[in-house]
Amino acid sequence: MELLKERIRMDGRVKEGNILKVDSFLNHQIDISLLNEIGREFKHLFDGKKITKIVTIEASGIAIACLTAQYFNVPVVFAKKAVSKNIDGDVYTSTIKSYTHGNEYTAMLEKRFLTQNDQVLILDDFLATGKAQLGLLDITKQAGATVAGIGIVIEKGFQGGGDKLRAAGYDLRSLAIIDSMENGTLCFRK
């Protein structure tokens with residue numbers, strides 16, 4: 001998706017530790033027009049699949065999932081990262097190690113929102129090592145739901161998570177794959 005790549009080149013900042021900051025348009029301040037195009041592109045990439053729910057994880061995946069869901073006309077379900085009084089009843093859980101934050105957390109999703117009858121599209125803003133996606137896949141498996149595909153806005157291809165998920169047989173589509181970020185220079189996969 002050239003529009004996204006151009007925006008990353010223009011406004012993305014490479015930080016120490018292979019961190020790509022896109023907070024001016026994707027995950028702190030959000031460019032709704034760009035997210036709308038991202039949603040439209042995911043609909044194009046996964047068109048023809050019988051998706052009944054879009055699944056993501058809080059917080060950055062929610063806006064992407066919501067704008068994509070309008071094209072599929074399905075609900076968004078997101079796993080929560082923190083226990084709260086709002087979580088009611090039985091939950092699916094999975095422990096996830098965050099690459100960006102360097103900590104572990106338990107993702108939770110109420111069982112009533114994801115069942116064996118669901119065909120899900122998993123969406124997220126970033127894929128590095130694939131730990132968040134593996135956690136969502138674990139939750140989906142616990143529910144007995146079917147994974148129709150995984151959509152990622154930005155994949156850091158050099159960290160291997162996408163390769164592992166593709167090798168495991170998942171239909172993974174990334175809108176921008178970065179093969180290196182050496183010396184602050186972004187090299188995109190063609």
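Observations, loosely collected:
- Residue within segment 118-125 that is part of a helix (DSSP H, G or I), within 26 Å of Tyr71 (Cα to Cα) and in contact with a Lys or Arg (Cβ under 9 Å, 6 or more places away or on another chain) present: no
- Any chance Thr68 is more than 17 Å from the chain's Cα centre (by Cα), modelled with pLDDT of 95 or more and not in a strand (DSSP E or B): no
- Gly149 vs. criteria touching a strand residue (DSSP E or B) at 6+ places or on another chain (Cβ under 6 Å) and either of a type in the set (Asp, Glu) or buried (at least 21 other Cβ atoms within 10 Å of the Cβ) (or both): no
- Cβ pairs under 8 Å, 6+ apart, first in segment 46-62 and without any contact (Cβ under 8 Å) to a residue 24 or more places away in the chain, second among the β-branched types (Val, Ile, Thr): Ile62/Thr56; Ile62/Val76
Residue-wise test of (1) crowded, with 20+ Cβ neighbours inside 10 Å; (2) at pLDDT below 90; (3) among the aliphatic types (A, V, I, L, M).
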{"residue": "Ala107", "(1), (2), (3)": "yes, no, yes"}
{"residue": "Arg112", "(1), (2), (3)": "no, no, no"}
{"residue": "Gln116", "(1), (2), (3)": "no, no, no"}
{"residue": "Leu123", "(1), (2), (3)": "yes, no, yes"}
{"residue": "Val153", "(1), (2), (3)": "yes, no, yes"}
{"residue": "Leu172", "(1), (2), (3)": "yes, no, yes"}
{"residue": "Ile177", "(1), (2), (3)": "no, no, yes"}
{"residue": "Lys190", "(1), (2), (3)": "no, yes, no"}
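- Scanning segment 138-190 for residues that are of a type in the set (Asp, Glu) and part of a helix (DSSP H, G or I) turns up Asp138, Asp163, Glu182.
- Members of segment 40-64 found to be farther than 23 Å from Asn117 by Cβ and basic (Lys, Arg), listed by number: Arg40
- Any hit, segment 72-91, residues being closer than 26 Å to Arg40 by Cα and among the polar types (S, T, N, Q): yes
- Looking only at segment 59-71, residues that are surrounded by 22 or more Cβ atoms within 10 Å (Cβ to Cβ) and aromatic (Phe, Trp, Tyr) come to 0 in all.
- Lone unmet requirement of (1) surrounded by fewer than 17 Cβ atoms within 10 Å (Cβ to Cβ); (2) of a type outside the set (D, E, K, R); (3) closer than 27 Å to Leu114 by Cα for Gly160: (3)
- Residue within segment 164-179 that is among the β-branched types (Val, Ile, Thr), closer than 23 Å to Ile30 by Cα and without any contact (Cβ under 8 Å) to a residue 24 or more places away in the chain present: yes
The values are calculated or read from the model by the stated rules, or taken from the named source; none is laboratory data. Treat the numbers as computed from the prediction; the structure is a model and nothing was measured. Ideal geometry is used to build each Cβ from the backbone, glycine not excepted, and the neighbour counts take in all protein chains shown.
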